[in-house]
Amino acid sequence: MYAGKADKIASSIKLTVAIVALLAIGIGVAGAQCEGCPKSPEDYRVKQFWYQGKLVDKIIVPGRPPQDYRAPAVQLPQMRPAQDGYPPQQVEVLPNSPALDWSYGCAPTSAAMIFGYYDNVLYPSMYSGPTNGGVFPMTNASWGEGECPLSATHQGYDGLLLRGHVDDYWIADGDPGPDPFLIYGWPEHTHADCTADFMGTNQSEFGMSDGATAYYFNNDGTPLEDFTGDEPTGRDGCHGMRLFAESRGYTVQTNFNQYIWGYGGNTEGFTFTDFQREIDAGRPVMILVTGHAMVGFGYDSTQTPPLVYIHDTWDHADHEMEWAGSYNGMQHYAVSVFRVMPPPPPTITIMSPRDGELIHVGTPTIIARIVSESANYLVDESAGVDPNSIVLKLDGVEVTDCNFDNTTGLLTWTPSTPLAQTSHMITLDASDNDGKAADQATCNFRIVVPTIDDGLHMFSLPYTYAADQMPTPSELLGLAENEIKLARWWPEDSAYNKHHIYPDDFASFLPPDARGPTPVVASPPAGLGYFLSIPRRAQLNITGQALDQVDSYQIRLSYTYDPPQGWNMIGCPFTRPVDWGSVYFITNGQRQSLREAVAAGVTDGVLFGYHSTASGQRRLL
């Protein structure tokens, strides 16, 4: 039973009975729905006023489940596939439409079913709680009868540790207030995670008794869009749905309340054809009957009158009603329509190589990010990309072995054979699961294999390799081992002469001090410096990866007490130039700019390089 919600309030609350006269222009007093007593929508109209040249009706929706009746469940029709020779589909049902039992108001419960549906399709931040892995479930059974955090948050449910909507506003069904937070003077919770917060439901400050929500309509049957004309004392439930969706980071296309065609004799109202269009577009509709709100999630136009498939907030079953008919004696008179802005198409960013870049690696890894934001601008998500739609082409030829991670949105591909030393073009296309295509991304780059002249050089290799793919100097330079002299200064050597000559392991591209828990560099050989002497010009066979996606790179420096003290041989870890003045030092956990490090005596701040000439000379840089 739902009439006994007062037992869910931990504190004992003395109820005050009050008669609230909500009367305007001679319209009758609103009250709780009388089971077995026929009523009309006008019995719930509490106010009528002129707004922007139109007569506006305010109707209270206080609906609660009948104690001893549940509507018969129906078996949804099987959807036949579209085929030639058959008439257009005349039955449509939205899948993934939750069915909830009543949770502190039929209107917020219906709104929770609508947002729960959107959470399951294209808008995954409508519900962000811990249940069901953060995806809104198809029923609220996991929280217990009458509880749903998307309808009304409640301390102790769905991981909520603080007071929520129920704790602040609920006393008992039909109670006019004042609300508990006003009675006891505790701080009101911040409106955040449930529809009832934003729809004004149960809140005495909006004139709503417990279980009730207000809706406003143009009396002539035209749609009343996002109505705020009774604020701050009155809140339209449909406007509250907009506020909720916006609080979740989404953009609302439109929201409106409207009487159905023919109600009150109007010829401007919402028709069954309009309802079909909403369902066909993937949008459930709130169905308003006398004193009650439900959700329409499908239709059958083969019947006369046509049928609407509904979830009535009384149980977890599927039900049906005739359009413009009655449901358990409650007359259908209006709808509340809510449209979220359709998600934008995915965006594609080619991260590497950069457009116009000269590439020194014959097998560069192509890196791109494909993101479908699901129209949510408060969170960074990569949901919704259709992997089968991704088409990567190199010089007009489609690549079939690229890798795409739908969780991160990253696409990578590395050619199995070196590319020709010429210009190349990449194109990348993709669509989301709804078929919306991203703008094509393009990138032009050129393969230029570097060379190194004969003679003596200070040398570094700004690339990283997997440990099992680390080249030898001979493989890199294309020269015999006995033609190469490669030396590296190892400052931690206890000997006075700290130079190590290849094939000494400390002069390799993966030296021992670049391994283990505190390596001198994280991605060898990037950042390591060498002396190199070769007898003739060599073309470098580079197969490693540049650190293009790394913003900063650490090189561990050593200071020893054995002379010569404090010398370190380093290489630029990037393929692009680095301003020496932009480096910083971290000493004992303290970060210092180059100027600060010099002032603190950490370094002299001086770089020495080797300028190779015919005679050879060392030059201060």
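The values are calculated or read from the model by the stated rules, or taken from the named source; none is laboratory data. The structure displayed is predicted, hence computed values, not measured ones. Methodologically, a virtual Cβ is constructed for each residue, glycine included, from the backbone with ideal geometry; neighbour enumeration extends over all protein chains shown.
Just a few scattered comments:
- Residue match in the stretch 179-189 (condition: without any contact (Cβ under 8 Å) to a residue 12 or more places away in the chain and either surrounded by fewer than 22 Cβ atoms within 10 Å (Cβ to Cβ) or in contact with an Asp or Glu (Cβ under 6 Å, 6 or more places away or on another chain) (or both)): yes
- Looking only at residues of the stretch 361-384 that are at pLDDT 85 or above and under 23 Å from residue 539 (Cβ atoms), we find that the one that is farthest from the chain's Cα centre (by Cα) is 363.
- In the stretch 305-322, the residues that are touching a residue at least 60 places away in the same chain (Cβ under 8 Å) and either of a type in the set (Phe, Trp, Tyr) or in contact with a Gly (Cβ under 6 Å, 6 or more places away or on another chain) (or both): 309, 314
- Boolean, residue 458 is out of contact with any strand residue (DSSP E or B) (no Cβ under 7 Å at 6 or more places or on another chain) and aliphatic (A, V, I, L, M): no
- When the test is whether a residue is in a helix (DSSP H, G or I) and of a type outside the set (Lys, Arg), residue 476 passes it.
- Annotation: residue 570 fulfils all but one of (1) under 30 Å from residue 449 (Cα atoms); (2) touching a helix residue (DSSP H, G or I) at 6+ places or on another chain (Cβ under 8 Å); the unmet one is (2).
- Test: residue in the stretch 479-490 that is at pLDDT 95 or above, under 30 Å from residue 350 (Cα atoms), surrounded by 14 or more Cβ atoms within 10 Å (Cβ to Cβ) and not aromatic (Phe, Trp, Tyr): no
- Condition met for residue 141 (modelled with pLDDT of 85 or more and in contact with a strand residue (DSSP E or B) (Cβ under 7 Å, 6 or more places away or on another chain)): no
- Taking the criterion of being more than 19 Å from residue 295 (Cβ to Cβ) and in a loop (DSSP other than H, G, I, E, B), the residues of the stretch 134-159 that qualify are 144, 153, 154, 155, 156, 157, 158, 159.
- Some residue of the stretch 212-221 being in contact (Cβ under 8 Å) with a residue 12 or more places away in the chain and within 27 Å of the chain's Cα centre (by Cα): no
- Extreme residue, surrounded by the most Cβ atoms within 10 Å (Cβ to Cβ), among residues of the stretch 556-596 that are of a type in the set (Gly, Ala, Ser) and not in a loop (DSSP other than H, G, I, E, B): 593
- Any hit, the stretch 89-106, residues being at pLDDT 90 or above, assigned to a helix (DSSP H, G or I) and in the same structural domain as residue 247 (by TED's automatic domain parsing): yes
- In the stretch 123-159, the residue that is farthest from residue 245 (Cα to Cα) out of those that are among the hydroxyl-bearing types (Ser, Thr, Tyr) and out of contact with any Phe, Trp or Tyr (no Cβ under 7 Å at 6 or more places or on another chain) is 142.
- If the condition is being within 19 Å of residue 349 (Cα to Cα) and touching a Leu at 6+ places or on another chain (Cβ under 8 Å), then the stretch 413-428 contributes 413, 424, 425, 426, 427, 428.
- Only a single criterion out of (1) more than 30 Å from residue 343 (Cα to Cα); (2) part of a helix (DSSP H, G or I) is not satisfied by residue 232, namely (2).
- Any hit, the stretch 161-170, residues being in contact with a Cys (Cβ under 9 Å, 6 or more places away or on another chain), without any contact (Cβ under 8 Å) to a residue 40 or more places away in the chain and under 23 Å from residue 113 (Cβ atoms): yes
- Qualifying residue in the stretch 266-288 (condition: of a type in the set (Asp, Glu), assigned to a loop (DSSP other than H, G, I, E, B) and surrounded by fewer than 23 Cβ atoms within 10 Å (Cβ to Cβ)): yes
- Residue 315, sole failed condition from (1) in a loop (DSSP other than H, G, I, E, B); (2) acidic (Asp, Glu); (3) over 24 Å from residue 147 (Cβ atoms): (3)
- Only residues that are in a loop (DSSP other than H, G, I, E, B) and either of a type in the set (Gly, Ala, Ser) or surrounded by 14 or more Cβ atoms within 10 Å (Cβ to Cβ) (or both) were counted in the stretch 355-368, giving 7.
- Within the stretch 343-354, restricting attention to residues that are under 21 Å from residue 437 (Cβ atoms) and not hydroxyl-bearing (Ser, Thr, Tyr), the residue that is modelled with the lowest pLDDT is 343.
- Summed over the stretch 501-531, residues that are outside any helix (DSSP H, G or I), over 47 Å from the mean Cα position of the chain (by Cα) and either surrounded by fewer than 20 Cβ atoms within 10 Å (Cβ to Cβ) or at positive phi (or both) total 4.
- When residues of the stretch 111-133 are limited to those that are touching a Ser or Thr at 6+ places or on another chain (Cβ under 6 Å) and not in a loop (DSSP other than H, G, I, E, B), the one surrounded by the fewest Cβ atoms within 10 Å (Cβ to Cβ): 131
- Residue check for residue 496: surrounded by 13 or more Cβ atoms within 10 Å (Cβ to Cβ) and of a type in the set (Ser, Thr, Tyr): no
- Test: residue 167 is out of contact with any His (no Cβ under 8 Å at 6 or more places or on another chain) and assigned by TED's automatic domain parsing to the domain that holds residue 105: no
- Subset of the stretch 165-199 (residues that are within 23 Å of residue 234 (Cβ to Cβ) and among the small types (Gly, Ala, Ser)): 172, 174, 177, 192, 196
- Pairs are defined by a Cβ separation below 9 Å, a sequence spacing of at least 6 or placement on different chains, a first member in the stretch 509-535 that is within 16 Å of residue 466 (Cα to Cα) and without any contact (Cβ under 8 Å) to a residue 24 or more places away in the chain, and a second member that is β-branched (Val, Ile, Thr) and not in a loop (DSSP other than H, G, I, E, B); the pairs so defined are 514/521.
- Pick from the stretch 391-408, criterion polar (S, T, N, Q) and not in a strand (DSSP E or B), ranking: modelled with the highest pLDDT: 400
- Exactly one residue out of 442, 422 is touching an Asp or Glu at 6+ places or on another chain (Cβ under 9 Å) and among the hydroxyl-bearing types (Ser, Thr, Tyr): that is 442.
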